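Below is one structure, written out as structure tokens, with a few remarks after it.
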Amino acid sequence: MDLLKKSLSAMAAVLFLASAVSCSSGGSSSESVTSAESATEEPTEEVKETDISGQTITWLADYDINPAVKGQDRSVALSLFEDVYGASVKFERCEAGEKYETLSKMLLSGKTVDMFPYDQQAIPYGTAKELFAPLDEYYDVLDMDSEMWEGMSELTDSLAYNGEHYVIPYSLSSPQLLIYSRKLIQSEGLDDPAKLYAENKWDWDAFMGMMKKFKEKAPEGVTRYGINGWFGQSVLNSSGKTVISSDNGKLVSNLASPEIEKAEKLMQEIRDSGLYYRDWLGHYAKDNTILFFAAADWALGESNLVTPDADLMAVPFPKSPLAEDYALPCNIGARMLVKGSEHPEAVAAFIKCERMAATQPEYTAKAKEEALKGSVRSKLTEEQYDAIQSYLSDVMPVCDLGFGMSGKMFTAESRSYDTMGVMNKLESALLDYPDKAENWEKLRDAVKGDIDSALKEYNK
């Protein structure tokens, strides 16, 4: 632990100097590195811990991990990787929708790829295709026993595949939330959802009761709704059960579980009770006719500017009365180690740098400062920012393996009921396609065959 603390201190010092020079001079990333090196001593071997000096990892993705090539500041993680470890990253571009196909072709042709972006398809699709290697062998490089990884072990284990850890999450972001107006809630005599959440009383019953009461109290000639936005995945997650899970290395379906049925019927009730406003607004409603807006945290900042007098706050989606914990759909920050990588230790070191950037106070304080600056399109209050960070710290994401299965199980872009995947239908059909999915029983029967077929493919 003492060695880790020395490493953190030395890395922080190097990064601080590099960032200061970069901001003041406006120079390129190479100029920043040179200036930082001249302003401080070369990090010792003890600080580096893992000797990967001079190594270059190839990063295949649809975006460059080094924004400095476009004149922007380097990320904290990349600065640590380059300035402390003396390693570098080479970018190989591919199209977003063709990442996996491109990776497969490159590996078959003998080309070098070391690191790949994590997304939902990484597990089980990518691992089943043997595109990635587990990171268990490199836990010493990652410093997995150190305090900076506290709070991630349960999530890491939940993403294990066939008993091995291919995904080591280093951060969580973009949580799916319910945005509401405290001013409106108070004027309607309703309980504050954030207070209910803090008291562990924020469940489906409280949520539905608030929306129904709000709708019933609508002034004459005014139509009120309970909720607008995107929240189907939140409903599924809040049941406490995943559609697809892993059992002794085999994928299994939970489609017939009572928990999934209750979640789907909750969506059906929201629709049939006239609580759901289907048109996408993109922000909290200006006219106080919709109680909740469901979206990622970006929408809170934008809604603040659209409805500046609403006194907005956000809260996770309520849990099922039968679930022990809340659930929080969000983005998981992770990097995949490509199978056959020539520099696996360097990839592990880069992931460690990402975790440091996400957890060390000197870096998180800067991230908060930047977030609170806002822009012409979005502005968060400090109270809102702190609340979002607390949700990300306290609520573990639910990882449904169904979203990581290809083919008929999940489609990223399709908006047509006839071409979308099973998981898309389970999170939206009862809300948005009542003519196609009249009720839960018919929807369940319609998707069962595709689930069974996919499981046979994966469980060969």
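The values are calculated or read from the model by the stated rules, or taken from the named source; none is laboratory data. Here the structure is a predicted model, which is why all the values come from computation and not from measurement. For neighbour counting, all protein chains shown are included, and Cβ atoms are generated from backbone atoms with ideal geometry for every residue, glycine included.
Key figures
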| item | result |
| --- | --- |
| Residue identified as outside any loop (DSSP other than H, G, I, E, B), modelled with pLDDT of 50 or more and in the same structural domain as Asp143 (by TED's automatic domain parsing) among Val47, Val69, Val21 | Val69 |
| Enumeration of residues in region 201-217 that are touching a residue at least 12 places away in the same chain (Cβ under 8 Å) and not in a helix (DSSP H, G or I) | Trp202, Asp203, Lys217 |
| Output for region 275-308, where each listed residue is of a type outside the set (A, V, I, L, M), surrounded by fewer than 16 Cβ atoms within 10 Å (Cβ to Cβ) and closer than 20 Å to Ile388 by Cα | Gly282, Trp298, Pro308 |
| Search result, residues across region 113-135 that are aliphatic (A, V, I, L, M) and part of a loop (DSSP other than H, G, I, E, B) | Val113, Ile123, Leu131, Ala133, Leu135 |
| Residues that are at pLDDT 95 or above, outside any helix (DSSP H, G or I) and touching a helix residue (DSSP H, G or I) at 6+ places or on another chain (Cβ under 9 Å), drawn from region 222-240 | Thr223, Arg224, Tyr225, Gly226, Ile227, Gly229, Trp230, Phe231, Ser239 |
| Unmet requirement for Tyr284, which otherwise passes all of (1) more than 30 Å from Ala206 (Cα to Cα); (2) of a type in the set (Ser, Thr, Tyr); (3) outside any helix (DSSP H, G or I) | (1) |
| Enumeration of residues in region 187-200 that are outside any helix (DSSP H, G or I) and either closer than 23 Å to Tyr391 by Cα or modelled with pLDDT under 95 (or both) | Leu190, Asp191, Asp192, Glu199, Asn200 |
| Selection within region 415-460 - part of a loop (DSSP other than H, G, I, E, B) and of a type in the set (Gly, Ala, Ser) | Ser416, Gly421, Ala437 |
| So Tyr100, is it assigned by TED's automatic domain parsing to the domain that holds Asp64, in a helix (DSSP H, G or I) and under 18 Å from Val347 (Cα atoms) | no |
| Tyr138 over 30 Å from Phe293 (Cβ atoms), in contact (Cβ under 8 Å) with a residue 24 or more places away in the chain and in a loop (DSSP other than H, G, I, E, B) | no |
| Looking only at region 238-254, and only at residues there that are touching a residue at least 40 places away in the same chain (Cβ under 8 Å) and more than 24 Å from the chain's Cα centre (by Cα), the one that is nearest to Leu159 (Cα to Cα) | Gly249 |
| Selected residue (criterion: farthest from Met336 (Cα to Cα)) from residues of region 101-113 that are without any contact (Cβ under 8 Å) to a residue 40 or more places away in the chain and of a type in the set (Ser, Thr, Tyr) | Ser109 |
| Exclusive hit being of a type in the set (Phe, Trp, Tyr), surrounded by fewer than 20 Cβ atoms within 10 Å (Cβ to Cβ) and closer than 22 Å to Thr411 by Cβ, set Tyr139, Tyr118, Tyr125, Tyr100 | Tyr100 |
| Where a residue in region 261-281 is in the same structural domain as Glu438 (by TED's automatic domain parsing) and assigned to a helix (DSSP H, G or I) and its partner, wherever it lies, is surrounded by fewer than 14 Cβ atoms within 10 Å (Cβ to Cβ) and of a type outside the set (Val, Ile, Thr), with Cβ under 8 Å and at least six apart | Lys262/Leu322; Gln268/Asn439 |
| Among (1) modelled with pLDDT of 95 or more; (2) surrounded by fewer than 22 Cβ atoms within 10 Å (Cβ to Cβ); (3) not polar (S, T, N, Q), the one test that Asp325 misses | (1) |
| Residue within region 440-448 that is at positive phi and without any contact (Cβ under 8 Å) to a residue 60 or more places away in the chain present | no |
| Counted residues, region 241-260 - those being in a helix (DSSP H, G or I) and not acidic (Asp, Glu) | 2 |
| Options Ala371, Ala412, Ala365, Ala446: the member that is exposed (fewer than 15 other Cβ atoms within 10 Å of the Cβ) and more than 30 Å from Tyr125 (Cα to Cα) | Ala365 |
| Filter result (of a type in the set (Val, Ile, Thr) and not in a loop (DSSP other than H, G, I, E, B)) within region 146-178 | Thr156 |
